[in-house]
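Below you'll find the structure, written out as structure tokens, and then a few comments.
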Amino acid sequence: MVDLDEAIVARFESHGESFEILIDPAVVQKMKDGKEVDLLDHMVIDTIFKNAKKGTRAPDDKIKQVFGTMDPTEVAKVIILKGEVQLTTEQRKIMQENKRKRVVEYIARNAMNPQTGGPHPLTRIETAMEEARCHIDPFKSVEAQVPAIMDALRPLIPIKFDKVRIAVRVSGENYGRCYEDFKHFGKVTKEEWQKDGSWIGVIEMPAGLQTEFAEKISNRTHGEAETKVLKGAH
């Protein structure tokens, strides 16, 4: 359960009645992003209110009529996803900032500078978003907001979403150390074992990850790995 002083009111109106719950604002964001959560862990109390501030409970017959169930978690899901959420100014500010960071990280991970073929630093994307005065909706998913933000950034910095192919060569010994990284960063599209026991592969990944990938593999192999960005058609 969440503490009362940290909770917000979520309200759903139907059939001339109001139905409210007291809920952790963080879980509202997770649910709107499509994530599975245990609502009972994030409600102040498993009660459906007519007026949460006054502590007035909603009538059972009205809850059953509108939601078709008396299960508080099922009712809460509908209230959160279809109703309105009342955030304090500070709560909205925190949620917007957290969502902004996630948007910046998403763009940095997937985008590249087409003039250089390299990724954009986080600070460059943040600065461009500030200059473009990009609005961040704390309740919209990152993916839903990115297209409009990319449109706002393009007049300010050269940027596009793309993937890169990176050829990698590691020794047989280092292959075991790097295997999980290869899968984490992208998709291995080609691979071949050499007569000397080394492994050569081609990994396709979001353009923004290429620098991080090269550094990670270099650290894993103590500088013995060879990596090269491949040009031309995928």
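The values are calculated or read from the model by the stated rules, or taken from the named source; none is laboratory data. Given the structure is predicted, the values throughout are model-derived calculations rather than measurements. Heads up, the Cβs are rebuilt from the backbone with ideal geometry, glycines too, and the neighbour counts pull from every protein chain shown.
Data table
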| quantity | calculated |
| --- | --- |
| Residues being part of a helix (DSSP H, G or I) and crowded, with 19+ Cβ neighbours inside 10 Å - total across segment 73-86 | 4 |
| Complete set of residues in segment 187-234 that are aromatic (Phe, Trp, Tyr) and assigned to a helix (DSSP H, G or I) | Phe213 |
| Residues of segment 153-176 satisfying the condition of being modelled with pLDDT of 95 or more, in contact with a helix residue (DSSP H, G or I) (Cβ under 9 Å, 6 or more places away or on another chain) and surrounded by fewer than 16 Cβ atoms within 10 Å (Cβ to Cβ) | Leu156 |
| Exclusive hit being of a type in the set (A, V, I, L, M) and over 30 Å from Gln29 (Cβ atoms), set Ala214, Ala144, Ala152, Ala207 | Ala214 |
| Test: residue in segment 67-82 that is without any contact (Cβ under 8 Å) to a residue 60 or more places away in the chain, outside the structural domain of Ile23 (by TED's automatic domain parsing) and of a type in the set (S, T, N, Q) | no |
| Filter result for the condition that a residue is under 30 Å from Glu84 (Cα atoms), part of a helix (DSSP H, G or I) and either without any contact (Cβ under 8 Å) to a residue 40 or more places away in the chain or in the same structural domain as Ile200 (by TED's automatic domain parsing) (or both), over Val104, Val146 | Val104 |
